[in-house]
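This report concerns only the one structure given below.
The values are calculated or read from the model by the stated rules, or taken from the named source; none is laboratory data. Predicted model, so just to flag it, every value in this text is computed and none were measured. Cβ coordinates were reconstructed from backbone atoms using ideal geometry, including for glycine residues, and neighbour counts include every protein chain displayed.
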Amino acid sequence: MIRILALLLALCAAGPALAQTAAPPPFTDRGQLSASELELRAALKGERISGRVSIPDQQAANLIQPEGLDWRGFHNRTLAWIAGIAVLGMGGLLALFFLVRGRIRIAGGWSGHTLQRFSLLERANHWMVATSFLILGLTGLNLTFGRHLLLPVIGPAAFTALTQAGKYAHNFLAFPFTLGIVVMLLLWARDNVPEKADLAWLKQAGGLMGHGHPGAGRFNAGQKTVFWLTVFGGGIVAASGYVLIFPFSVTDIGGQQLAYIVHGVLAALMFAAMLAHIYIGSVGMEGAFDAMGTGQVDYNWAKEHHDRWVEAQVTKARQTVAPRDAKAAGAD
Amino acid sequence: MARMKFLCDSDRCIECNACVTACKNEHEVPWGINRRRVVTLNDGKPGERSISMACMHCTDAPCAAVCPVNCFYTTADAVVLHDKDLCIGCGYCFYACPFGAPQYPKLGNFGSRGKMDKCTYCAGGPQADDTAVEYIQYGANRLAEGKLPICAEMCSTKALLAGDGQIIAAIYKERVTRRGYGSGAWGWRTAYQEDVPA
C-alpha cells in the first residue's frame, strides 16, 4: 500500500516535468529563420519561397517571388529606355541621313523598261508580314509608352478601348506574322546565303554615302541582314510571344518573365531596324518601292543596285526566248 | 486614416483553409479564381508552417507601377484596388506581384485572360459603395459597412489579422512576448519595407 502511494506521489511529481518536455521548444530554437530573414535572403538570391497548396493551380504555391520586383524594374525602366532610344534614335538617324544624302536617285534616270523583281506571291507575303508587324509593333509600343503618352491625351476610357483592341490584334496577328516568316524563309533563303561579294558591299557601306554602287546579286548584304534579322529575330520574337499568349502552359512565372524580357527587347530593336528598311524602300531611294509595289523595277535601277542579278535575268530571258534547237546564225 | 494591412501569424495557422472558403463565399468568387490561398512551407518536415496569403495591399504597389492602362488606385485606408472597367487583362500585374495575388478568369481563345480579379480587402471597387453592380464586379464591401475582411474576422485560431498596421503589429508583438517565439510577419518586408520583430 505504501509502495502504491509512493508511486502515485512520484507520478504526480513527474507530471509537470513530463508536460514541460512535451511542449514545443521555442521556434527560434528549431534552427528556423524568421519570415523577414527568409524574405531578405530570397530577395538577395532571387529565389522564390514556395510550398504546397491544396488548390489545383500550382502557380499559387509560390508564396513570395522577389523576381517580380526585378521584372517591374525591367518593364518600367530598362525596356522603356531600350525601346525609346532604339526607336527615337533610329528616327533621328534617318532624318539626319535624309538631310545629308537626300533621296537617292537613279543615276542613269528612268529607262522606261522594267523587269519583274518580285512575284505576286512574294509581294503578298511581304505585305502580310509588313502590316501585321507594324500593328504588332505599334500595339506593343502602346503597352510600354501609351500610359504616359496617349492616356493623358485621350482619357482612360478611350485608352482602355484602344489598348484592349490592341491586345486582341496583337494576339491574333501573331499567326499571320509567323506564317509569313516561314513563307519568307522558303521563298528567299536561297538568295540570301552570304557570299564573298557581301564583304566588298559592306566595306563600301553599300554605296550609301559615296556615289559608287558595289556589285550585288538578287539581294545585297544590307538586304541579307534585314532578311536574316527578320527570320531569326522574328522567329525568336514569335516563339517568346507564343509562350506569353498561352501563359503558364510551358513554363512557370520565372519563364514567363524571361519570355517577356526577350520578347520586349528583341521586338523593340527589330522595330527600330525595320524603320530603316521602310525608309530606304520608300522616300529614301527612287525606284525602290516598285519592287514591292508593282513587282516591276526599272532596268536602270536594277542595273545600279543588283547588277549580277540583272545579268542572270537577261541571260535566262535569252535562253527562254531561244528555241531549244536554235543555233547561232551561220552555224550550219 | 488607418493604414490597412494583413498579418498572418504562422505559428497559429492550422491550414484549415477557412479563410479561402469564406472569401470565395463572401464575394461569390468564380470557379478557378482564388483571392486568398494557404501555402504550406516544409510540408511534412520539421519546421512545417502554413501561411495564408492574398494581396498584401503594398506600399508603392508593383501592380500599379506596371499596369499599362493605369487602372489601379489606393484608397484613403491604403487599400490597393483596381477598376475592372479599365483593366484589359494583360497579365503584367501577375508578373510584377511578389505574392501572386492577381487572378484572371480564362475566357475566349488561346490563353486569353479576362479582367483581373484580386483581394479587395473586402473594400469593393470604384463603383458606389454597397451597390449591386459593385457586388457583381468586386464582391462585398465590408469596409464601407464598418467591418473588417471576412477572412481574418472568421479565422478560428486568429492567425490571420486584418486592420490598422500598427494595431495588428502590436497584437502580434504581444503574442510573441507571451509565448516566447514567433516567426515574423510574412510578406511585410516585401510589401511594406517594414519588419515586425519575431
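Within region A:51-62, the presence of a residue that is more than 8 Å from chain B (Cβ to nearest Cβ) and buried (at least 18 other Cβ atoms within 10 Å of the Cβ) is excluded. The set of residues from region B:21-51 being at the interface with chain A (Cβ under 10 Å from one of its Cβ atoms), out of contact with any Ser or Thr (no Cβ under 7 Å at 6 or more places or on another chain) and within 21 Å of B:Met4 (Cα to Cα) comprises B:Asn34, B:Arg37.
Criterion applied to A:Arg147, A:Arg101 was being among the basic types (Lys, Arg), farther than 30 Å from A:Leu187 by Cα and away from chain B (no Cβ under 14 Å), and the one residue passing it is A:Arg101. Of all the criteria given as (1) more than 23 Å from the chain's Cα centre (by Cα); (2) under 28 Å from A:Thr131 (Cα atoms), the one not satisfied by A:Ala259 is (1).
Of all the residues in region B:28-79, those that are surrounded by fewer than 14 Cβ atoms within 10 Å (Cβ to Cβ) and touching a Cys at 6+ places or on another chain (Cβ under 7 Å) number 0.
Across region B:126-143, the number of residues qualifying as within 26 Å of B:Tyr92 (Cβ to Cβ), in a loop (DSSP other than H, G, I, E, B) and out of contact with any helix residue (DSSP H, G or I) (no Cβ under 7 Å at 6 or more places or on another chain) comes to 1.
Here A:Leu79 qualifies as more than 7 Å from chain B (Cβ to nearest Cβ), part of a helix (DSSP H, G or I) and closer than 20 Å to A:Thr251 by Cβ.
Tell me, yes or no, whether region B:109-128 has at least one residue that is among the basic types (Lys, Arg), buried (at least 21 other Cβ atoms within 10 Å of the Cβ), touching a residue at least 60 places away in the same chain (Cβ under 8 Å) and within 30 Å of A:Asn142 (Cα to Cα). Looking through region B:109-128, at least one residue is among the basic types (Lys, Arg), buried (at least 21 other Cβ atoms within 10 Å of the Cβ), touching a residue at least 60 places away in the same chain (Cβ under 8 Å) and within 30 Å of A:Asn142 (Cα to Cα). With the condition kept exactly as written, say whether any residue in region A:182-198 is away from chain B (no Cβ under 14 Å), of a type in the set (Val, Ile, Thr) and farther than 30 Å from A:Leu138 by Cβ. Scanning region A:182-198 turns up at least one residue that is away from chain B (no Cβ under 14 Å), of a type in the set (Val, Ile, Thr) and farther than 30 Å from A:Leu138 by Cβ.
In region A:86-98, the qualifying residues are those that are farther than 15 Å from A:Ser282 by Cα and surrounded by 13 or more Cβ atoms within 10 Å (Cβ to Cβ), and the one that is nearest to the other protein chains (Cβ to nearest Cβ) is A:Val87.
Quick one: would you say A:Gln32 is facing chain B (nearest Cβ under 8 Å) and at pLDDT below 90? Here the answer is yes, as A:Gln32 does meet what is asked.
One residue stands out in region B:52-71 among those that are more than 9 Å from chain A (Cβ to nearest Cβ) and farther than 20 Å from B:Gly124 by Cβ: the one that is nearest to the chain's Cα centre (by Cα), namely B:Ser52. The residues in region B:14-27 that are over 24 Å from B:Gly114 (Cα atoms) and either free of Cβ contacts under 8 Å to residues at least 40 places away in the same chain or surrounded by fewer than 22 Cβ atoms within 10 Å (Cβ to Cβ) (or both) can be counted, and the count is 5. Against the conditions (1) crowded, with 21+ Cβ neighbours inside 10 Å; (2) within 14 Å of chain A (Cβ to nearest Cβ), B:Glu194 satisfies every one except (1).
Among the listed residues A:Gly146, A:Gly235, A:Gly254, identify the single one that is small (Gly, Ala, Ser) and closer than 22 Å to B:His82 by Cβ.
Values: A:Gly235 fails: closer than 22 Å to B:His82 by Cβ; A:Gly254 fails: closer than 22 Å to B:His82 by Cβ.
Among A:Gly146, A:Gly235, A:Gly254, only A:Gly146 is small (Gly, Ala, Ser) and closer than 22 Å to B:His82 by Cβ.
Across region B:153-191, the number of residues qualifying as under 17 Å from the mean Cα position of the chain (by Cα), touching a residue at least 60 places away in the same chain (Cβ under 8 Å) and within 11 Å of another protein chain (Cβ to nearest Cβ) comes to 6.
For region A:123-144, the candidate set comprises residues that are among the small types (Gly, Ala, Ser) and surrounded by 14 or more Cβ atoms within 10 Å (Cβ to Cβ); within that set, the residue that is nearest to the other protein chains (Cβ to nearest Cβ) is A:Gly140. Exactly one residue out of B:Asp117, B:Asp130 is of a type in the set (Asp, Glu) and closer than 28 Å to B:Arg189 by Cβ, and it is B:Asp117.
Of the residues making up region A:223-249, those that are free of Cβ contacts under 8 Å to residues at least 24 places away in the same chain and either aromatic (Phe, Trp, Tyr) or buried (at least 17 other Cβ atoms within 10 Å of the Cβ) (or both) number 6.
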